[in-house]
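Below is one structure; the comments refer to it alone.
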Amino acid sequence: MEHDKLKTFDIKGASFELTEDAKLAYLIHFAAPFTGGDECIVPKGTTFIVKGLMRDDAFYIRLEAGDNIKVNDELTKLLDAMEEKVKRGEDGKLFSRLQGFSFFITEEQIRTLPLKFACGVKERLLDCIMYQKCYWNKCLVAMGRPKEYLDVPDDYSLEL
């Protein structure tokens, strides 16, 4: 199966640190058939571990605070502020069913944010995204969509 080739990229477990404060988006999960989303400023020094593909241009990432007490304190404040924002926002009525948050990082952010990789490399993540786009483009073309739908270079190959 084509998407099994993604396993050869071995991206799960890649980790990186923000070297500057950065705006990241996240999903909000409730114990109900509803998920919202928002953005926040994540402090520099925060480490994330890549969990896997979210969509063709983004990865789910998991917070990994490590031993940095200052970062841990800032992350605790950040997560508390995220919860408070949900409580006071339009989804406040669902606050008692809040299950947590999922961060993600997009292809554009991987290219532009100041990231320091402890495990894995930026280029590997970008290769994986390009492969995924090429795979989906191939599927979409087969369904009659225009070839340029996902902006995949003509010279990109599905061969790894």
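List of remarks:
- Rounded if a/c under 1.5, otherwise prolate or oblate - segment 13-132, Cα gyration tensor axes: oblate
- Rounded accessible area of LYS51 (nearest 10 Å², 1.4 Å probe): 110 Å²
- Environment charge of ASP80, counting only residues whose C-beta is closer than 12 Å and scoring Lys/Arg +1, Asp/Glu -1: -1
- Neighbour net charge for ARG97 - beta-carbon separation under 13 angstrom, K R +1, D E -1: 0
- Taking label positions 7 Å along the Cα-Cβ direction at both LYS93 and ALA81, the computed distance is 2.8 nm, reported to one decimal.
The values are calculated or read from the model by the stated rules, or taken from the named source; none is laboratory data. The structure presented is a predicted model; accordingly, all values stated were derived computationally and were not measured. For neighbour counting, all protein chains shown are included, and Cβ atoms are generated from backbone atoms with ideal geometry for every residue, glycine included. Accessible surface is based on the protein model in full, side chains and every heavy atom, while ligands, DNA and RNA are left aside. Shrake-Rupley method; radii C 1.70, N 1.55, O 1.52, S 1.80 Å.
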